[in-house]
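For reference, the structure is listed below as structure tokens.
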Amino acid sequence: MTKTKKLASSCSHILLKVILSRIRNEQYYLLHKANSGSSRDWAKGEAKIKYSFTVELPDDGDYGFLLPPEEILDTGKETWEAVKVVAKHIIAEQARKVRNGIR
């Protein structure tokens, strides 16, 4: 498993904790199929950005890009938890590099 997939898996686990704490008896798909041609592809391929993700809204097609107001706060909280996992991972990775004298 690549580092990016491991990190995405960590994000999924933290999101699952958040979601399960507030929602019961609903099925959520935390990892979505790949979407080629996105800005994420450019960031990874052309700009060589190591960790590049696409954040998708939790919608089954009913709302598109316009979540109902009552879902916005929870969606923001869930996304923030994933962002914190990524940030902690990157900070730890950079700290290891500094300790090992790698730039």
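The values are calculated or read from the model by the stated rules, or taken from the named source; none is laboratory data. Computed from a prediction, not measured in an experiment: that's the story for all the values here. Note that we place each Cβ from the backbone using ideal geometry, even for glycine, and neighbour counts take in every protein chain shown.
Within the stretch 6-23, being modelled with pLDDT of 80 or more and more than 18 Å from Ala87 (Cβ to Cβ) holds for no residue. Looking only at the stretch 56-75, residues that are loosely packed, with under 11 Cβ neighbours inside 10 Å, within 19 Å of the chain's Cα centre (by Cα) and not in a loop (DSSP other than H, G, I, E, B) come to 1 in all. For the stretch 86-103, the set of residues classified as loosely packed, with under 12 Cβ neighbours inside 10 Å and hydrophobic (A, V, I, L, M, F, W, C) consists of Ala87, Ile91, Ala92, Ala95, Val98, Ile102, listed by residue number. Where residues in the stretch 39-55 are in a loop (DSSP other than H, G, I, E, B) and surrounded by 13 or more Cβ atoms within 10 Å (Cβ to Cβ), which of them is modelled with the lowest pLDDT? In this case the residue turns out to be Phe53.
Every residue, every condition in (1) touching a Gly at 6+ places or on another chain (Cβ under 9 Å); (2) at pLDDT 75 or above; (3) not aliphatic (A, V, I, L, M), yes or no:
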| site | (1), (2), (3) |
| --- | --- |
| Asn25 | no, no, yes |
| Leu66 | no, yes, no |
| Glu71 | no, yes, yes |
| Gly76 | no, yes, yes |
| Val85 | no, yes, no |
| Ile102 | no, yes, no |
